[in-house]
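Take this structure, written in structure tokens, and hold onto it; I'll ask about it next.
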There are 2 protein chains.
Amino acid sequence: MNNWSLTDADFKESYQLKETLFSTANGYLGVRGSFEEDVIKNVPSVRGIYINGFYESEEIVYGEKLHGFPDRSQSILNVIDTQRINLKINGENFSLFSGEVLFYERTLNAKTGISTRTIHWKSPKGDEVKLIFKRLASFFQRELFLINFSIESLNFTGEIEMISTINGNVSNIVATDDPRVGTANAQALSVVNLLSKNNQSYIEAKTKHSNLKVVAGIVHQIPKSFSEKTLKEDKQIIHLINGTIQKGETLNFTKFAVYTDTNRHKNELEQNKAILNDVISNNYGYYADLQKKYLNDFWKLADVKIEGDEKMQQGLRFNLFHLVQSVGKDRWSNISAKGLSGEGYEGHYFWDTEIYIFPFFLFTNPDLAKNLLNYRFNILDFARKRACQMGHNIGALYPWRTIAGDECSPFFPAGTAQYHINVDIAYSIIQYYSVTDDIAFMVDKGLEMLIEIARLMYHIGHFRESDGKFCIDSVTGPDEYTCIVNNNYYTNVLTKNLFVQIGDIWNEVFNSNNSKLSELVKKLKFKNQELKDFSTAGKAMFLPFDKKRKLHPQDDSFFNKKVWDFENTPKENYPLLLNYHPLTLYRHQVCKQADTILGHFLLENESSLEAIENDYNYYEKITTHDSSLSTCIFSIMANRIGEYDKAYNYFMNTARLDIDNLHHNTKDGIHTACMGGSWMSIVFGFAGMRVVNSELNFHPHLPKKWKYLQFKIKFKNRVLDCLLSQDGIQITLEKGAPLNVNIDDKIMKIS
Amino acid sequence: MNNWSLTDADFKESYQLKETLFSTANGYLGVRGSFEEDVIKNVPSVRGIYINGFYESEEIVYGEKLHGFPDRSQSILNVIDTQRINLKINGENFSLFSGEVLFYERTLNAKTGISTRTIHWKSPKGDEVKLIFKRLASFFQRELFLINFSIESLNFTGEIEMISTINGNVSNIVATDDPRVGTANAQALSVVNLLSKNNQSYIEAKTKHSNLKVVAGIVHQIPKSFSEKTLKEDKQIIHLINGTIQKGETLNFTKFAVYTDTNRHKNELEQNKAILNDVISNNYGYYADLQKKYLNDFWKLADVKIEGDEKMQQGLRFNLFHLVQSVGKDRWSNISAKGLSGEGYEGHYFWDTEIYIFPFFLFTNPDLAKNLLNYRFNILDFARKRACQMGHNIGALYPWRTIAGDECSPFFPAGTAQYHINVDIAYSIIQYYSVTDDIAFMVDKGLEMLIEIARLMYHIGHFRESDGKFCIDSVTGPDEYTCIVNNNYYTNVLTKNLFVQIGDIWNEVFNSNNSKLSELVKKLKFKNQELKDFSTAGKAMFLPFDKKRKLHPQDDSFFNKKVWDFENTPKENYPLLLNYHPLTLYRHQVCKQADTILGHFLLENESSLEAIENDYNYYEKITTHDSSLSTCIFSIMANRIGEYDKAYNYFMNTARLDIDNLHHNTKDGIHTACMGGSWMSIVFGFAGMRVVNSELNFHPHLPKKWKYLQFKIKFKNRVLDCLLSQDGIQITLEKGAPLNVNIDDKIMKIS
């Protein structure tokens, strides 16, 4: 096993799943790993190319629409298809489903950033060829998707015909009964222009409602002896490329596809032409080298080495590679629940970003982490507008799910009610500041978001009459199997953290640049009294706790409910959400995912370790992990309380969730949060790393079967190399000034 | 003022509202009070004719569909239009919006059951006519709608042309943002057949999905000197009726319209023809007489006389008349929230029936009351199916809103979560049995429903671990401003009542007819242990109570929430549901309507009078009465605690809610629950009547400005006349054996 790559040798099995797994992306552009050539009809397939943040908006239809329900959806669009290349080899159509496949292998290599398909094919008539398809979505030139293809004739001389298309007749998958997939608009893009000149072809297409345009352009590099002509149809342009191959000869072709869109490109057609004409001055090898170089830089800090566990090593690298493939790298985009690998969850950005994915980038590539926060700043006005719609005259409420910034959740009990997204974002901003000391960001953007978030949380809460405790009612925590509750521990503890910290942060940042912040004070009509109010509320925050049992209930009423009858629930009824009405779930003590346990992980000091242990043992029994956001947290916290076998098992379910299709829905896209969670399981779990009061802490414990574990951390302009062995942790300062870290609660100087 | 009728003298004002108020119906067929002739375009109008229980079903679209969400809607349909008659008078088109209207009056008479429109019109050219339109939906022949029309020429001799149509080109009002109106399908009926022969015209139309067909037939009685011809168009048939009128002459026309549908009529076209040919052997006067006779019988028991308050007297009679117009009289129909007067709430049947309308019929017309329960029995299998969908392997869960029996609520927090509809129905069955002693009904239907309901309620509840109390979690009570709560007082107390009573009822009924009930036991696999379980749960039922404040919280957490800021809520923000997101409402102590107070009214003995008083005073302050189901209950309970002025004021807001359009939405249909509530306010409020342990109790108090109040009650095969004066109550036995009643807690023998 090459633990840098994913390999597949059976093209007949789970085609749609592998379209996801082998997708190539660069954060802007994502291409599902469909075969270039057509597959036979009965093979389920979602052939798709997506641009991060490029969406269509449709009216959301409700059976019963109440005030403040979002009016319009936003769904990521399958854009113009450029990945199709059919081949005629000596007069016969090439297909893996005809003739004889003598060899087949597909790999996706995390070091090279290239997906390679190698085939030895014998045609029905007996002609044998060796074909290699390579593809990449360029990290260097985000608009560029490349297919390089070579063909070797093993036993004949004959004609090769390549039918390569650019096709605007694309659609999204239609509505399903699975709420995790979503109800996208089938055919949202309409072709407005087809251009073909000098063997360059362009298609312009636009959306109906979101007022966006996309342009795709293609051009081919072909052997000199080959001829090319183009054929314009209604919505597609076909390039017919012809020539002769000699027995023993190998021919090489490259298809360049360039995408531009109205968000990022001022004159999207002209810019597309310019980029396309620029990139074809180079060849495939040039971009393959750059791709490797980019990833080389990426892996320098991002790589995690696991010695002694090939499968975990592979799973982890696969995950981290997909994260860098998925993460948006400009102000228009974030990282969606499925990355750019599928249409699940409509391409929406959730809290997954902040709580599950952000930490990986924060500690390995803080610029990308900052970009994720910049995105939140860019949609701050939408969050302000949403707060107004919800009846608040102050503050900002971030959308539970969105692309461009509007709340798009049509089901508020597991949507808008998850107010915790607000404090999740605040938590990330505070973490970012704490890890990077990037005061400029706080001055420009961070503090403004923190204030607006704190205002909203203060406004939805209240001081309870009976005891003066600050309570937050009618919210939904991370666990969507219990909705609309009072005093969700997770929401309250994260809000408390914000309220308690914001005063100090304000003062620190204000002292650094009070002229710019004075402007902010004016703009926000911010009063110092507000800081006092936040502080008072923070101190008075109610955190539900059952003193007798020394357990935290997930919310005020959680422990009064009936425990789910797990014993009599057949296996095939999981995930429960697909088999039980929400009310049936709400009525029971049953959790989709870590909720209170997640709160403990993020803010460990708010509870005694004893209560954390008790909670772990209690909630573990009633958590189904039906969400892919769960096992990583349980792995981390199992480590924390010394349940090392459990920690390892939960990690196994995390690190290979997509590769092994453990949730049976990877066909709809990868699970980016879980991928981020696998990195967290390593760093926060096995290494037990935490940042507390701006200091690094470790509680390392290496799984028994591993020889060592190694990863790097960027922290306050330093680079630290962390090496865990069965003997403990060794931390080396690779860059930056010496610092103290706490290892198992003992201070160690790293220099 | 004629307090038997509603009169309008201003045809220009609020046309759409008056279409509702002047609607004529008979429980099967309802015709909105549109003018026969076309009105000008800028007058908002919903011209509609509805058949009770005749609906179309469409797929319900969800932005996010979870397990158990209803798949299909059911919406009452606007059926074939037969009410249009345009007139050409001496060459000029008749319209109230041209020429000069010298006199106009419209009345709806509750004694005759006829709506009359009298007009003195001067045409633009100066021809003067007196026109009288009379219309009725026959109580005697439910399929029949009649328009009688007379014209008198005051100053000319000339031609009269009548253009009378039957038109299948009909549609429902389209989706709006008001959740109380609903999202019906615009054009659901398609015409499949037009027939015209011997001046009889028929249109057959069918629905697309619900597989129903409706036929309408028309025929005219016209003066002998007049000629008639018919003109068939695409979807309508036009009858052109011509002749001459002499100066001073009065001519008389009658349009007979007959409706049949697949539910009620085996061969709907042939039966329609048969009925039409039968009814035209009589004239308008014949049906007007029968109409009067029917209503005469109705009013014998139903009438409530208020001496000293003309406006209340009128309002009350208007309400009771609309109730008898609206109530379904066959197994296919119930009484919808808007009767047959409009499309609001899609023509659905709610709990309104049992808790607000059923009592009026129970005590004045028990056969009609029984029919309402029969309807519930007829949909029992749907309720069983729904219980299964919700994850219960036992019992029945009645739909929150439906026409044919399927749950149609697309928003479960204020829909399926209102499990209380189950115990509302149970309450009515128990009341029915208690008031009528109709043991045959209990044997055939009542007990089966009670058992299935009790099973479901037992299944959703549980004995709380901490104290063994029986709790019911994650439900919504009557107050939809607080959804998905634990231990809603109302739900729990009604469930307790069922659990506590079902054992005795079972034994009593079983002893009366154990052969039939033995079959039932087999069919339901019913075990005696279940009765014991119900009894145990009933005794252990948790009823939330704040001992310190001597108040019942509406649910477990209600008193912990923030009280709504009424002071800073502008008047135009009511009803709150149209101006605030549900979560904002849920987070506060604010009630749309009586909830705990309603529980107290229905089951007064479950609480001390002191706590009832406390609750009244507490909840009154935080109740907006945004629902039309609220003021009647507050009126009743204000009487109960001696707040007589309040009782009167709440009654005023109840009795004339539609006539005075107090909720600004009567244009979409009458509020049948509120109408029933106005009768309840009289009998349960001012007379303070209750049935406790099968005995009648009274706590009478007449409002100061009233001279006397008189009504009749059917009770256990007796008829009692109740006369309240300022001196007390006088009860006379009009029929049946002597009985004891309690008046202000003193036993009185009535003989």
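Could you work out the pair-distance distribution P(r) of chain B from its alpha-carbon pairs, with 10 angstrom bin width and percents rounded to whole numbers?
Bin by bin from 0 Å, the calculated values are 3, 14, 24, 25, 19, 10, 4, 1, 0, 0.
Then there's this: Using only the alpha carbons of region B:177-294, what is the convex hull's orientation-averaged projected area in square nanometres?
Average projection, Cα convex hull of region B:177-294: 11.5 nm².
From the C-alpha gyration tensor of the protein assembly as shown, pull out the three semi-axes of the equivalent ellipsoid (sqrt of 5λ each), sorted largest to smallest, in whole Å.
66, 43, 29
Right, another one. Quick check on the exposure proxy: order B:Ser518, B:Ser5, A:Ser281 from fewest to most C-beta atoms within 10 angstrom.
If I rank by nearby Cβ atoms, fewest first, I get A:Ser281, B:Ser518, B:Ser5.
In nm, one decimal, shortest first: how far is the label point of B:Asp467 (7 Å from Cα along Cα to beta carbon) from the matching points in the other copies?
Between copies, matching label points for B:Asp467 lie 1.6 nm apart.
Report the relative contact order of region A:8-267, percent, no decimals, based on alpha-carbon pairs under 8 angstrom and at least 6 residues apart.
That works out to 18 percent.
For region A:517-671, what is the per residue volume of the convex hull drawn over the alpha-carbon atoms, in cubic angstrom?
For region A:517-671, the hull spanned by Cα atoms encloses 195 Å³ per residue.
Something else about it: Could you tell me how many degrees, from 0 to 90 and to the nearest 10, lie between the Cα long axis of helix A:631-640 and the main elongation axis, the longest principal axis, of the Cα atoms of chain A?
So the helix axis and the longest Cα principal axis differ by about 50 degrees.
Can you tell me the orientation of helix B:366-378 relative to chain B, as the angle in degrees between its alpha-carbon axis and the longest Cα principal axis, to the nearest 10?
80
Could you work out the equivalent-ellipsoid semi-axes for region B:378-429, taking the square root of 5 times each eigenvalue of the Cα gyration tensor, largest first, in whole Å?
14, 13, 11
Can you tell me the orientation of helix B:447-460 relative to chain B, as the angle in degrees between its alpha-carbon axis and the longest Cα principal axis, to the nearest 10?
That works out to roughly 60 degrees.
For region B:272-344 and region B:470-516, write down the distance between their C-alpha centroids in whole Å.
34
Let me ask something additional. Hey, how many Å between the Cα centroid of region A:367-409 and the Cα centroid of region B:688-751?
63
Which trypsin sites (Lys or Arg not before Pro) in region A:1-102 pass both tests, a DSSP loop state and at most 16 other beta-carbon atoms within 10 Å?
Hits after loop and neighbour filter: A:Lys12, A:Lys41.
Another one. Give me A:Ile472, B:Ile237, A:Ile76 ranked fewest to most by other Cβ atoms within 10 Å of their Cβ, as a rough exposure proxy.
B:Ile237, A:Ile472, A:Ile76
Computed over the Cα atoms, what is the radius of gyration of region A:258-367 divided by 2.2 N^0.38 Å, N being its residue count?
1.28
Using amide H atoms built 1.01 Å from N in the peptide plane, name the residues 5+ places from A:Phe715, or on other chains, whose amide H lies under 5 Å from its own.
A:Leu720
Related question: How high is the relative contact order of region B:331-487, in percent, counting Cα pairs under 8 Å that sit 6 or more residues apart?
Dividing the mean separation by the residue count of region B:331-487 yields 19 percent.
Shortest first and in nm to one decimal, what separations exist between A:Lys12 and its copies in the other chains, measuring from label points 7 Å along the Cα-to-beta-carbon line?
Listed shortest first, these distances are 8.3 nm.
How large is the charge dipole for the protein assembly as shown, taken about the Cα centre, if only the Cβ atoms of Lys, Arg (+1) and Asp, Glu (-1) carry charge, to the nearest 20 debye?
320
Shortest first and in nm to one decimal, what separations exist between B:Arg72 and its copies in the other chains, measuring from label points 7 Å along the Cα-to-beta-carbon line?
Copy-to-copy label distances for B:Arg72: 3.4 nm.
Grab the DSSP H runs of chain B that are 4 residues or longer, score each as -39,500 (n - 2.57), total them, divide by all residues and round the 222 nm result to the nearest 500 deg cm²/dmol.
Only helices count here, giving -9000 deg cm²/dmol.
I've got another one for you. Based on alpha-carbon centroids, what's the gap between region A:412-441 and region B:148-171 in Å, whole number please?
71
Treat the count of other C-beta atoms within 10 Å as a stand-in for reagent exposure and order A:Arg640, B:Arg401, B:Arg718 from fewest to most.
Listed from fewest to most nearby Cβ atoms, that is B:Arg718, A:Arg640, B:Arg401.
Tell me the relative contact order for chain B as a rounded percent, counting alpha carbon contacts under 8 Å between residues six or more apart.
Contact order relative to length: 12 percent.
I've got another one for you. Based on the Cα atoms of region A:8-267, what semi-axes does the equivalent ellipsoid have, where each is the square root of 5 times one gyration tensor eigenvalue, given in whole Å with the largest first?
35, 21, 16
No lab work stands behind these numbers, since they all come straight from the coordinates. The shown structure was predicted, so the numbers you read here are calculated from the model rather than taken from an experiment. Cβ sites come from the backbone with ideal geometry, for glycine too, and all protein chains shown count toward neighbours.
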